[in-house]
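What follows draws every value from the coordinates through simple rules; no lab data is involved. Computed from a predicted model, the values in this text were never measured in an experiment. Neighbour counts are summed over all protein chains in view; Cβ atoms, including those assigned to glycine, are modelled from backbone coordinates with ideal geometry.
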């Protein structure tokens, strides 16, 4: 049980920090748009990476540093593009939640006297974005695969219990973030609120893109 709790604690410490993936999950949760699909993809991806790290893939990552360079470049370009799109949404506006009930999803048609709603995004682009934000993030290989895998190895025969705790942390976090975000909807019912949120998302995404790309040229 102590080994499981150790994995749970480390898993939470690695994924709770604000990052591109968490920001995207939060936004989808607030919009109540394909939340289950996003949560499942994030949790399953983490589980695959954790198992790979515990199984020894971390040695491959450390032996082939060019893999991290490729992930940094691809992730930086993707985050920059996503940040620009978020900035464009913030500049143009036009997105808001319905105001005639705290539980009204963003995709529901507005009632008389209500506020126009945002256009619902199709499932395929959401899935592709979730996969990109997860698998093009070099930190996921350094933290989840290399670091977590290395620490799991110190638990010897109990390393898979450690991995189970880390996987449980991922499932708990993404479920809470995705489905708990709906309660923030009451503060995001106006177009101005969404423009501010998208502006913050743009800043976070572009800052993360720069942080990924700069070390490539600095090295």
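To the nearest 0.05, what FRET efficiency results for residue 120 and residue 217 with a Förster distance of 45 Å applied to their C-beta separation?
0.70
In the range 141-180, what is the volume of the convex hull around the alpha carbon atoms, normalised per residue and reported in Å³?
With only Cα atoms used, the range 141-180 gives 52 Å³ per residue.
At a 10 angstrom cut-off on C-beta neighbours, averaged per residue, how do the peptides 141-153, 76-88 rank from highest to lowest?
Highest-to-lowest ranking by the protection proxy: 141-153, 76-88.
Distances over 14 Å make up what percent of all Cα-Cα pairs in the range 180-219?
62
Distance in nm between label sites at residue 200 and residue 150, each 7 Å beyond Cα in the beta-carbon direction?
Taking the two extended label points, one gets 3.4 nm.
Testing the spin-label approximation: label points 7 Å from Cα along Cα→Cβ at residue 36 and residue 88. State their distance in nm.
Here the modelled spin labels are 3.1 nm apart.
Could you calculate the FRET efficiency of residue 69 with residue 190 from 1/(1 + (r/R0)^6), where r is the beta carbon distance between them and R0 is 35 Å, rounded to 0.05?
Step by step, r from the Cβ atoms, then E = 0.25.
Using R₀ = 22 Å, calculate the FRET efficiency as 1/(1 + (r/R₀)^6) where r is the Cβ-Cβ separation of residue 5 and residue 48; round to 0.05.
0.50
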